[in-house]
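The values are calculated or read from the model by the stated rules, or taken from the named source; none is laboratory data. What you are looking at is a predicted structure, and each value in this text was computed from that prediction instead of being measured. Cβ placement follows ideal geometry from the backbone for every residue including glycine, while neighbour counts extend to all protein chains displayed.
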Amino acid sequence: MKRLYILYTFFFIMAFAPIQSQVRFEAKVSKDKLGINERLRVDFEMNQDGDNFNPPSFEGFRVVGGPNQAISNSYINGKRSYSKTYSYFLAPQARGTFSIGQATIEIEGETYKTLPVRVEVTAAVDKPKDGNNADYVASENVHLVADVSNANPYLNQAITVQYRLYVSNEVNITRGWREIDTPKYADFWSQNIDTRGNFKVYEGKYQGRDYRYVILRTTVLYPQKTGELNIEPLTLDIPIDVETNKRDLFGRRLMTRVNKTISAGNRTINVKPLPAQGRPDNFNGAVGDFSFNVSADRTELDANESLRLSVRVSGRGNLKLFELPGIKLASSLEQYEPERDNNITTQAEGMSGSVTDTYTIVPQFKGEYPVRPLSFSYFDPVTEQYVTLSSDEIIINVENGPVTNRTNGELSGENKGPVTVLSEEQFKYIKLNPNLREMEELPFFKSRLFWSLLGGPFLLIPLFILIGRKRQKRLLDVEGNKIRKADKLARKYLSEARRSMGDKEHFYEALERALHNYLKAKLSIETSDFSKERIASLLREKGAEEQTVHAFIDLLKSCEFARYTPSSAVTIKQDYDKAAGIISSIDKQLLS
């Protein structure tokens, strides 16, 4: 029995030894001095499992990797060894001395903190070209390149920026990358070509070496300013798997993971202004290769009938960045604002498609009306010349309708002729003999009007005093004011229902909506999200009487049933009066 007791005691001590051990929670850094072009690894390590881990802010650094979590739990000679680590990879943002602040975690109800760690960031250092260094191998075998289709475009000429990620066969990328900095494209009109995550792997060369690459993003840009413009870089955080010199039991090389921040770098393009020589007067900024057409869906119709006139520009270029030429018609043709129809697709080469303005035109009089030819000018960056296109003249023949004295085709405000006197009858309504007589000059001073204007204000003073007293008395009448305010509120919310009393279905819809809107305004709630029981509970909480609450809920139910059951005009009037009374009662009873 003595041996058995000793054995039980030994196992008890061994089982609870890890719990009785001291808690350890500390921060470790890979180096306390590094160059601004190097990376820092920070590990927060604990010897017992905890919850609610909170990292520091990492002021002066940018988090480029992590948090990565690692757990080690082992038993050696009956002794348990536990370790849990949160790891971060940081890139310094400036030179100087920085402090890695305190991290916190809760272990068995207690909060533990790490000690701050000071790190010095120096100027950039030369990284050793060590083929055994995983960080160096990763940086030499993964590249992000921004390929610009044209570094010297004209203003408003499309260029394409294609971001390619080159990866050599010596490393692998098995996990997704993360964008750290996305370019803003200031001074450009831009549109991304959506790849929807379907990346195709290509074979190609970079700096004379064989690489695999994927096209991460293609962006179409239209420069809106001339001169040197900057294209901001795309920056990625990429986990890269690099082979090490270590091998597993089967002789295969083991891999290590390195997180790298890779940037495509700034690109500068020089935007040329459009030439001034040969620029047409009607040029409005169109750059590309276009065709121009003006057409009408009908040219023969009667007065007060309508036709549709379309002005269309199609082709390839900055279709969204210019206006179409407007049309001028005879004053006898009523013209409405055009409808814009954009049928444009954006591909890697730029925008293509068509832009159409469609006018609705209604002739007022009989006759023939010409639509004068329109012209459209654009700049062709391939030939570096301006091109002007003109449409054909269109004749609109109005066969039937009233006749106007204006010349066919006369434009509003143009070719105005003299006014023709048709006959003397047009002046017969003008009185030529007015029989005017001289006015008597009456003295104003001491006249009746003088004394009335002088003494009138004094006579109004007692009236103003009487009105003021009545107004003061009304303001002090708290109960009466509540009743008047409640009646006014009821009329406000029930006005729509009152106008719909002739239509049963619309009346009850408006009545139910008025009741909900009243509660929404009075209780600041969305009653559509609450049940009737919840609405009743809220009204009781605000001080409404039980009888009034039951009447309100019954009225809501009545609105729901009445839309699907027969109702007479008398019932509708009763429900309206009942709703007005309930709203007035609730408004007086609710607590302010």
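Couple of notes before you dig in:
- Residue count, the range 360-395 (criterion: assigned to a loop (DSSP other than H, G, I, E, B) and within 22 Å of LEU309 (Cα to Cα)): 9
- For the range 327-351, taking the residues that are small (Gly, Ala, Ser) and under 35 Å from the mean Cα position of the chain (by Cα), the one that is modelled with the lowest pLDDT is identified as ALA348.
- Test: residue in the range 123-131 that is in a loop (DSSP other than H, G, I, E, B), among the acidic types (Asp, Glu) and either at pLDDT below 85 or surrounded by 13 or more Cβ atoms within 10 Å (Cβ to Cβ) (or both): yes
- Residue match in the range 464-476 (condition: within 30 Å of SER332 (Cα to Cα) and either among the acidic types (Asp, Glu) or modelled with pLDDT under 75 (or both)): no
- For the range 513-535, filtered to residues that are surrounded by 15 or more Cβ atoms within 10 Å (Cβ to Cβ) and at pLDDT below 65, the residue that is nearest to the chain's Cα centre (by Cα) is ILE525.
- Taken over the range 69-118, the criterion of being among the β-branched types (Val, Ile, Thr) and touching a Pro at 6+ places or on another chain (Cβ under 8 Å) is satisfied by ILE100 alone.
- For the range 168-177, the condition holds for no residue, the condition being that it is touching a residue at least 24 places away in the same chain (Cβ under 8 Å), outside the structural domain of GLY315 (by TED's automatic domain parsing) and under 23 Å from GLU349 (Cα atoms).
- Restricting the search to strands (runs of 3 or more DSSP E) fully inside the range 194-240 and requiring at least 3 residues that are loosely packed, with under 11 Cβ neighbours inside 10 Å and without any contact (Cβ under 8 Å) to a residue 24 or more places away in the chain gives 201-206.
- For ARG316, the conditions (1) basic (Lys, Arg); (2) surrounded by 15 or more Cβ atoms within 10 Å (Cβ to Cβ); (3) outside any strand (DSSP E or B) all hold with the exception of (3).
- Restricting the range 202-219 to residues that are under 35 Å from the mean Cα position of the chain (by Cα) and within 17 Å of ASN172 (Cα to Cα), the residue that is modelled with the lowest pLDDT is LEU216.
- Looking across the range 86-106, the residues that are surrounded by 15 or more Cβ atoms within 10 Å (Cβ to Cβ) and hydrophobic (A, V, I, L, M, F, W, C) come down to PHE89, LEU90, ALA91, PHE98, ILE100, ALA103, ILE105.
- Selection within the range 23-56 - hydrophobic (A, V, I, L, M, F, W, C) and exposed (fewer than 15 other Cβ atoms within 10 Å of the Cβ): VAL23
- Filtered residue count, the range 103-118, keeping only those that are assigned to a strand (DSSP E or B) and either closer than 17 Å to SER30 by Cα or touching a helix residue (DSSP H, G or I) at 6+ places or on another chain (Cβ under 8 Å) (or both): 2
- Test: residue in the range 166-181 that is surrounded by fewer than 17 Cβ atoms within 10 Å (Cβ to Cβ) and on the phi > 0 side of the Ramachandran plot: no
- Any hit, the range 483-499, residues being at pLDDT 70 or above, in contact with a Gly (Cβ under 8 Å, 6 or more places away or on another chain) and either buried (at least 16 other Cβ atoms within 10 Å of the Cβ) or under 30 Å from ILE586 (Cα atoms) (or both): no
- Residue that is assigned to a strand (DSSP E or B), more than 30 Å from THR388 (Cα to Cα) and over 32 Å from the mean Cα position of the chain (by Cα), where the choices are ASN293, ASN259, ASN304: ASN259
- Restricting the range 6-48 to residues that are hydroxyl-bearing (Ser, Thr, Tyr) and at pLDDT 55 or above, the residue that is nearest to the chain's Cα centre (by Cα) is SER30.
- The listed residue being part of a loop (DSSP other than H, G, I, E, B) and either out of contact with any Pro (no Cβ under 7 Å at 6 or more places or on another chain) or more than 27 Å from ILE344 (Cα to Cα) (or both), out of GLN191, GLN277: GLN277
- On inspection, THR548 fails the criterion of being out of contact with any Pro (no Cβ under 9 Å at 6 or more places or on another chain), buried (at least 16 other Cβ atoms within 10 Å of the Cβ) and at pLDDT below 80.
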